[in-house]
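Structure first, then comments.
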Number of protein chains: 2
Amino acid sequence: MSEEKSRKRAGGRAGMKVRAGSAAIDQMPWRIPVNPDRPTEPLDADGVQAIHKGAMRILSEIGIEFLNPDAVEHLRRAGCIVNGTNVRMDEDFVMEMVGRAPSTFTMTPRNPAREVVMGGKNMLFVNVSSPPNAWDMERGKRSGDFETYKEFLKLTQYFNCIHVAGGYPVEPIDVHPSVRHLDCLYEKLVLTDKVVHAYSLGTERVEDVMEMVKIAGGLSEEEFQAKPRMFTNINSVSPLKHDWPMLDGAMRMAKRGQPVVITPFTLAGAMAPVTMSGAVALSIAEALAAVALLEYIAPGCPVAIGTFTSNVDMKSGAPAFGTPEYMRATQMTGQLVRFYGMPMRASGVCAANVPDGQSVWETANSLWSAVQSGTNMVYHAAGWLEGGLIASPEKFVMDCEILQMIQRYFEEATYATGPDDIAFDAIKEVGAGGHYFGVQHTQDRYQNAFYSPFVSDWRNYEAWQIDGAVWTHERAHRVYKQILAEFEPPPINGDHLEELTRFVARRKEEGGAPTDF
Amino acid sequence: MSEEKSRKRAGGRAGMKVRAGSAAIDQMPWRIPVNPDRPTEPLDADGVQAIHKGAMRILSEIGIEFLNPDAVEHLRRAGCIVNGTNVRMDEDFVMEMVGRAPSTFTMTPRNPAREVVMGGKNMLFVNVSSPPNAWDMERGKRSGDFETYKEFLKLTQYFNCIHVAGGYPVEPIDVHPSVRHLDCLYEKLVLTDKVVHAYSLGTERVEDVMEMVKIAGGLSEEEFQAKPRMFTNINSVSPLKHDWPMLDGAMRMAKRGQPVVITPFTLAGAMAPVTMSGAVALSIAEALAAVALLEYIAPGCPVAIGTFTSNVDMKSGAPAFGTPEYMRATQMTGQLVRFYGMPMRASGVCAANVPDGQSVWETANSLWSAVQSGTNMVYHAAGWLEGGLIASPEKFVMDCEILQMIQRYFEEATYATGPDDIAFDAIKEVGAGGHYFGVQHTQDRYQNAFYSPFVSDWRNYEAWQIDGAVWTHERAHRVYKQILAEFEPPPINGDHLEELTRFVARRKEEGGAPTDF
């Protein structure tokens, strides 16, 4: 219980500030990265129209299955053509609803200093979410458990380049599903002070998490509904289907002004056409169907479109990630989402089973395609392996190095061209054959001139070898252990913490959430 | 001598065709990748002008040291202001000379099927060049030797995604420097049939290599000069200096119509300003100084501008590669080189000592920045480690996986939006909840629908584990060994081979090249 005590000691309203990282690594300060690049656009205007029109035909001629009677009833009232669970909607209706969605919105967690803006040129990084298993250098692959879950929350909180605490970074299967959301959100709201996420996996779960976010933030219902405080992410059941709990959670969140990210999972060749633009058209159609529903029942509610379009290995059917096709699908989706004027979500993903070279090229491909597509929220940005079946702390640390490099890449200092940047006088001063280290122009800037890594080792081979010849994943393992050893939970208001504890206890007594779906 | 025999058996003019890879891996066919993306441009028009004007001021007000009396004399005649070895040139002269440089040119090796076009949207990949050491999983780090040199030539030839046989993939220090170029080029011209490179490290070396390229191609002097058959790459001695042998080799090549790639090595904070645009301005000035010289003495000669602008670690002075700053410098250089209308060279580089995660994120950063900058020739695209001090066969194989992904990424199939790509009919046919594998639309396309890797392992963890839990670099090691075991040299004309052998023997008898510079 000493952890509990230290939490209270650190609490109080005065503690509501963003802390710098501990001494484990010298990391970048908290910031919201702003992507200055013009997106990479594989499609011309006709290409955008071809996918848009394809999506509109899917929605109006084939229709989407809404496996939720409330949703169907709403859409029937909206004038859509309903046949059982199949709902067809025409372009005018869809585009009118799309027009209601805000292009940007804020999300404000219990610590207001961690508020994030979703949309525009902003790019938010989210921890790996939902793997059933964990893997690390010491323990290998094993089922996720609650202790490991908390380890990942500490990494999520520790790294300033992780802006949002998304889904469970690993599924704690040692906690019963009926109360898992209570224990998980309790720890997430205590071990982190960043924006949190609710799974749309049943009414009680969504309602409980909204209640816990209110309690942790000390918010009245009115304050809660006044602006986004959290978010949910829903996935369609591709092809062409939205299931009951996802729609239920999304509608509950939207009605109370909380953001919904809609992310179809369209694997080309499996749940989607083998052609990438077809897979994107299907994904866009599924996403827009949910956008239309939510904007109809809660005009102006904050929504975002996610992409999870990749391809399978046609030899084995195994999903592939971070492929060339994945990159293009992400870029194309970016073009469509800008056409619709909403924020966009993508991911940092790989098929690799361990944090080796493959894991890095696949993850780097997906992260750079997120940059190139103008993505606003990058799910699974750190820690993902095995197509999302494994969360790895070493991979988490390694990915944060890439995320920090992306943040630095966005800084204007890397491409500024003012007179002091062109540095004519310094070039004249140093002259031919001289060295720049000693000149004032360098001395004035050297401390922050360049990205400073915390996993990369830039020493030469001999220095590296004498120091143990430690490979990247092993260095990442050490960093992960150091972070856990030094971790301090963020401050939390003691009253809020007590109320949160009481709420969890009461809901557990009541049996938590039903587990029969 | 059985290798010699098999070379002859495979020879003859009828054998002059491009062979597919052997069975070691299922690789992409030979092709020249064409980059369809609009480049990423961190600079606006004013930014381009700021760097351009900075470079012009460097050239006109500070000047460049030309440590070659012939070069100085040419530039004096051209009207430049000469003070000893310092040459100042004004914008009008520089831009007039720049205007003479072709925007694209071909390079035709002994096998005409391996002809490449340098410039435009084309992107050529070149093997790692010039490391003094090799490293592999079995033998660790050791000095380069001739056997290892030949191993890397086999990889260079084997991979269809390597388009040009650049500098020595590892320096064979067991061959005396006086005759090293003879042995090295002999093997390069026999073990590969791709465009080769001459080091500008002394008159005799450059002349010998040009002669050997003529012999291997069966070319008269007139045929040789009629179009580019090879190339050289020269580096300035930054800051602000071009040395004697580089200028000598460049001028010899240019006068005979052979391409010169000019690549200053401006490490920000060491040999260049600590500010990236300043380092780029210095690099551009040094490159344009050589362009002006070459276009003055050989109007219209094929030249290209290279970038090797990166930054040092300001804590240790160690060079860093593939950093965010490196990426921006490469993109900015791309904008400037397009402004001048010449082909561009960049690199695939890293500071990592072994083929681990760091090596991949640094290399991937540099390769993607080459894509984003519109680079036409990527030096060191496969095999580089430790800032260029190590060549590694595992890294070579791993990098070729990334290069193939880039080639696939360029293919229009990944973003085509014709009616068959949007696949409305297939989406309708499969309907909600169905699967796409069985439909005709998929069956018609599945074999070539997606990139098929040769190092990446997309199996799930359990299948991967049962098969030995082999990490990426270990898989790459196996691929490298298989390729060597199966390697067959490309066919070569028997008469040309004999003449090449005689030439090398004669030049060795004459003592080769002097080694006193």
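The values are calculated or read from the model by the stated rules, or taken from the named source; none is laboratory data. As the structure is a prediction and not an experimental result, all values here were calculated from the model. Glycine gets a Cβ as well: all are built from the backbone with ideal geometry, and neighbour counts include every protein chain shown. Areas reflect the complete protein model, heavy atoms only, side chains present, ligands, DNA and RNA absent. Shrake-Rupley method; radii C 1.70, N 1.55, O 1.52, S 1.80 Å.
In chain A the longest region clear of trypsin sites (Lys or Arg not before Pro) that are loop-assigned by DSSP and have at most 13 other C-beta atoms within 10 Å covers A:316-517. Among the chymotrypsin sites (Phe, Trp or Tyr not before Pro) within segment A:237-331, not one is in coil by DSSP while having at most 10 neighbouring Cβ atoms inside 10 Å.
Coupling constants for segment A:54-70 follow from the phi torsions by the Karplus curve (6.51 cos²θ - 1.76 cosθ + 1.60, θ = phi - 60°), and in residue order they are x, 5, 5, 5, 4, 6, 8, 9, 9, x, 10, 7, 10, 8, 8, x, 4 Hz; glycine and proline get x. Looking at segment B:92-188, none of the chymotrypsin sites (Phe, Trp or Tyr not before Pro) sits in a DSSP loop with at most 12 other Cβ atoms within 10 Å of its own Cβ. Around the amide H of B:Glu65, modelled in the peptide plane, lie the amide H atoms of B:Val87, B:Lys241, B:His242, all under 5 Å away and 5 or more residues distant in sequence or on another chain. Residues whose amide H comes within less than 5 Å of that of A:Leu267, counting only those at least five positions distant or on another chain, are A:Ala272, A:Ser310 (H built at 1.01 Å from N in the peptide plane). For B:Ala320, the amide hydrogen comes within under 5 Å of the amide hydrogens of B:Asn311, B:Val312, B:Asp313, counting only partners 5 or more places away or on other chains and with H modelled in the peptide plane. Note on chain B: antiparallel DSSP beta bridges, both residues inside, total approximately 40 percent of the bridges counted. Between A:Gln49 and A:Glu412, the simple spin-label model (points 7 angstrom out along Cα→Cβ) gives 3.8 nm.
Its Cα centre serving as origin, segment B:205-258 has a Cβ charge dipole (Lys and Arg +1, Asp and Glu -1) of approximately 200 debye. Computed with every protein chain present, the accessible area of B:Ile62 is close to 30 Å² [probe 1.4 Å]. Couplings 3J(HN,Hα) of segment A:264-272, computed from phi: x, 10, 9, 7, 4, x, 10, 9, 8 Hz, in residue order, whole Hz [Karplus 6.51 cos²θ - 1.76 cosθ + 1.60, θ = phi - 60°; x for Gly and Pro]. Shape class of chain A from the Cα gyration tensor (axes a ≥ b ≥ c, square roots of the eigenvalues): oblate, since a/c reaches 1.5 or more and a/b does not exceed b/c.
Each Lys and Arg adds +1 at its Cβ and each Asp and Glu adds -1 at its Cβ; summed about the Cα centre, the protein assembly as shown shows a dipole of about 260 debye.
Taken about its Cα centre, segment B:130-241 carries a charge dipole of roughly 400 debye when the Cβ of each Lys and Arg holds +1 and the Cβ of each Asp and Glu holds -1. Here is how the number arises for chain A: DSSP H runs of 4 or more residues each give -39500 (n - 2.57), the sum is divided by the residue count, and the result at 222 nm is -13500 deg cm²/dmol. Separation of segment B:355-389 and segment A:482-497, taken as the distance between their Cα centroids, equals 40 angstrom. Need one word for segment A:109-228: rounded, prolate or oblate. Basis is the Cα gyration tensor (sqrt eigenvalues a ≥ b ≥ c); a/c below 1.5 gives rounded, then a/b vs b/c decides. Because a/c hits 1.5 or more and a/b fails to exceed b/c, segment A:109-228 counts as oblate. With a Cα cut-off of under 29 Å and a minimum spacing of 8 residues unless on different chains, the lysine pairs in segment B:131-271 number 22. Against the criterion of solvent-accessible heavy-atom surface with a 1.4 angstrom probe, B:Asp174, B:Asp248 sort, most first, into B:Asp174, B:Asp248.
Simple rule: put +1 on each Lys or Arg Cβ and -1 on each Asp or Glu Cβ in the protein assembly as shown, find the dipole, and look at B:Phe159, B:Asn233, A:Gly512; the Cα lying farthest toward the positive end is B:Asn233. So what is the accessible area of segment B:23-101 per residue, in Å², with the probe set to 1.4 Å? On a per-residue basis, 45 Å².
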